[in-house]
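Here is the structure we will look at, set down as structure tokens.
Just so it is clear, none of the values below were taken in a lab; they were calculated from the coordinates. These numbers come from a predicted model, not from an experiment. Cβ sites come from the backbone with ideal geometry, for glycine too, and all protein chains shown count toward neighbours.
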Amino acid sequence: MASTYSAVEISSPGVFTLVERKVAVPGAGQVRIRLEACGVCHSDAATVEAQFPNLFYPRAPGHEVIGRIEAVGPGVTAWKVGQRVGVGFFGGEDGTREACRRGKTAYCQNAIMTGITTDGGYAETMIAEARALALILTLTNPFGASAQG
């Protein structure tokens, strides 16, 4: 495996830069994903234009991510290397304040937002919280061809 990967990061509002980064090791409760696709969304423009609170540069935008798990961090038991997964805008909660403790994680005051508070999918790899993943199934039709679902 290569020790670096390419990413497009925003280095300051409105400035895109193609960079090489060191491949990160996933931490506890995280996975590293090798990207296959990343959508482009209006909220990515808000990242580019510094319209989100808690946004620090440099930042790789992109929260509509599909890829395959390349490595799992400590404590990740529900996910395996090679599984195809998706990651969306909401990348996890911090679990420290009342909204999180009551199960209202969408109101987390320190939410993990893919491509905003953590690097997103405008890159060859990314780190994601395992609890924020969605499994992408591969469907096989009865005629022998497979379709990605």
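Starting at the first residue of the range 51-60, write each ³J(HN,Hα) from the Karplus equation 6.51 cos²θ - 1.76 cosθ + 1.60 with θ = phi - 60°, in whole Hz, x for Gly and Pro.
Residue by residue, the range 51-60 yields 9, 9, x, 6, 9, 10, 9, x, 9, 8 Hz.
Evaluate the chain: find the radius of gyration of its Cα atoms, find its Kirkwood radius, and give the ratio Rg to Rh.
With Rg and the Kirkwood Rh in hand, the quotient comes to 1.00.
Just to be sure I understand the curve: with the Debye formula and one point per C-alpha of the range 9-91, what is log10 I(q)/I(0) at q = 0.24, 0.26 Å⁻¹?
-1.22, -1.27
For SER12, SER6, SER43, which order do you get if you count the other beta carbons within 10 Å of each Cβ and list the fewest first?
Placing the least packed residue first, the sequence is SER12, SER6, SER43.
Order these by the 10 Å Cβ neighbour count, fewest first: ASP94, ASP44.
ASP94, ASP44
Residues with amide H under 5 Å of ASN110's amide H, sequence separation 5 or more or different chain, H placed in the peptide plane at 1.01 Å from N; which?
When sequence neighbours closer than 5 places are left aside, the close amide H contacts are ASP94.
Which GluC sites (Glu not before Pro) in the range 42-83 pass both tests, a DSSP loop state and at most 15 other beta-carbon atoms within 10 Å?
When the GluC sites (Glu not before Pro) of the range 42-83 are filtered for loop state and at most 15 Cβ neighbours within 10 Å, GLU49 remain.
For an R0 of 41 angstrom, estimate the FRET efficiency from the Cβ-Cβ distance between VAL40 and ARG102 and round to the nearest 0.05.
Computed FRET efficiency for VAL40 and ARG102 comes out at 0.75.
Counting other C-beta atoms within 10 Å, which of TYR122, TYR5, TYR107 has the fewest, and how do the rest follow?
TYR107, TYR5, TYR122
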